[in-house]
1. Could you run through the stretch 61-113 and say how many residues are among the hydrophobic types (A, V, I, L, M, F, W, C) and not in a loop (DSSP other than H, G, I, E, B)?
2. Kindly provide the set of residues from the stretch 174-187 that are β-branched (Val, Ile, Thr) and either in contact with a Gly (Cβ under 6 Å, 6 or more places away or on another chain) or open to solvent by 40 Å² or more (accessible area, probe 1.4 Å) (or both), ordered by number.
3. Condition check: over 20 Å from Glu179 (Cα atoms) and not aliphatic (A, V, I, L, M). Does Arg237 satisfy that?
4. Pairs needed: first member in the stretch 243-267, open to solvent by 100 Å² or more (accessible area, probe 1.4 Å); second member anywhere, modelled with pLDDT under 60 and not aromatic (Phe, Trp, Tyr); C-beta distance under 8 Å; at least 6 residues apart or different chains.
5. I'd like to check which strands (runs of 3 or more DSSP E) are fully inside the stretch 205-262 and have at least 1 residues that are on the phi > 0 side of the Ramachandran plot.
6. For the stretch 137-164, what are the residues that are more than 15 Å from Trp109 (Cα to Cα) and either open to solvent by less than 40 Å² (accessible area, probe 1.4 Å) or among the aromatic types (Phe, Trp, Tyr) (or both)?
7. Hey, any hits in the stretch 146-156 for a residue that's part of a loop (DSSP other than H, G, I, E, B), farther than 30 Å from Phe87 by Cα and in contact (Cβ under 8 Å) with a residue 12 or more places away in the chain?
8. Which pairs do you get when a residue that is outside any strand (DSSP E or B), found in the stretch 175-198, comes within reach of a residue that is of a type in the set (S, T, N, Q), reach meaning Cβ atoms under 6 angstrom, with the pair 6+ apart or on two chains?
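The values are calculated or read from the model by the stated rules, or taken from the named source; none is laboratory data. None of the values given here were measured: they were computed from a predicted structure. Because the Cβ atoms are built from the backbone with ideal geometry, glycine has one as well, and the counts that use them run over all protein chains shown. Side chains are part of the model used for accessible areas, which takes the heavy atoms of the whole protein and leaves out ligands, DNA and RNA. Shrake-Rupley method; radii C 1.70, N 1.55, O 1.52, S 1.80 Å.
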Amino acid sequence: MMGTRKRNRRKTAGEGFDLAGRLQPLVTWLTDGGLRSLLGVFALLVGVGVMVWGLVVSFDRPIGKVEVGGQFQRVAVLQIEEVVAPFRGAGFLSIDLDALRAALETIPWVDRARVERKWPNSVRVFITEHVAAARWGDSGLMNTRGELFLKNARHIPQELPQLVGPSGTEAQVAKLYLETYPRLLGVGMRLSKVELDARGAWELTLSNGVTVRLGRQDVPARLERFIAVASPVVAARAAEVSYVDLRYSNGFSVGWNVPTRVARDAEETRADG
C-alpha cells in the first residue's frame, strides 16, 4: 500500500518561537549569583594583567652597561660605543637586538656582530673582523670570501695580492684568483696580481714579475696549458722571462728580458703545447 504524505501544517500564532522561555535559564543563573561569578573572573584577569605589566616594567630597565668581546684589531672600541649610544635609552626587554646588530655591521672592518642580553640590564657585543685577503685596485680591500668590504682603505698591506677589473666585476675577478692561486702554488709559483681589462681579457702576474697573458677566450684551457707545459720553462729561467703569451690555439710564446741563447735571433720563442 502506498502511504499518503502528511501535509505540513502552518504554525499558528500560539506555536511561535518562545524567546522568554529560552532566556529563562540565563536569567535564573544571573539572579542566583552567576553575575557575581562573571565579575569575579573579569577582576581576576584584570589583576593578572596588571601584575604582568608591572613585572615587565620592573624588568625593562634602561641598558646600563655594554660589554664588548671578540678578537679585533682594526675596529676601535670608541666606534662601537658611538653605534651603541642611541640604543642605551631602550629597556632591557624592549631593545631591538637585530637593529643594533645591523648598525654594528656598518662599521668599517666589522664582518659580523653578535648581540645578546645579559641580566639584569646589560648587553654583550661580540665583534668579528674582516680578514683582508687581497687588494682591489689601488685602495680597496677584499675579504677571504672575495667580497669588497672597504673601497678606500687608509692603510693597504702591500704584501697582499692585487685584483683589478672594471666596476662590478669584483666577484668574477676574485673567483678566478681563488681558483688559480692554489693551483699555481702547487707548481711552485705564487700569484701576485689578477687583472681583467675593459675588453674582457685576463692577465696574471706572478710574484717573480712574470706576466701570463690568457686573453678573452678559453681561459680555463689556456691556464691549464700554462700549468702543465709552460710553468717548467718559467720555473727554470724565471729571471730571463718577461711574459708568457697563451693566446694561441695549441701553444704559447715566451718573451725574454735579455737576449739569450734561446732568443738570440728573435724576441719571442714559440713553443708548441
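1. Looking only at that region, the number is 17.
2. Answer for the stretch 174-187, where residues must be β-branched (Val, Ile, Thr) and either in contact with a Gly (Cβ under 6 Å, 6 or more places away or on another chain) or open to solvent by 40 Å² or more (accessible area, probe 1.4 Å) (or both): just Val187.
3. Yes: the conditions hold for Arg237.
4. Every condition considered, the pairs that remain are Asn250/Asp272; Asn250/Gly273.
5. The strands (runs of 3 or more DSSP E) meeting that bar are 211-215.
6. Result: Gly137, Leu160, Pro161, Gln162, Leu163, Val164.
7. Taking every residue of the stretch 146-156 in turn, at least one turns out to be part of a loop (DSSP other than H, G, I, E, B), farther than 30 Å from Phe87 by Cα and in contact (Cβ under 8 Å) with a residue 12 or more places away in the chain.
8. Val187/Ser231; Arg190/Ser207
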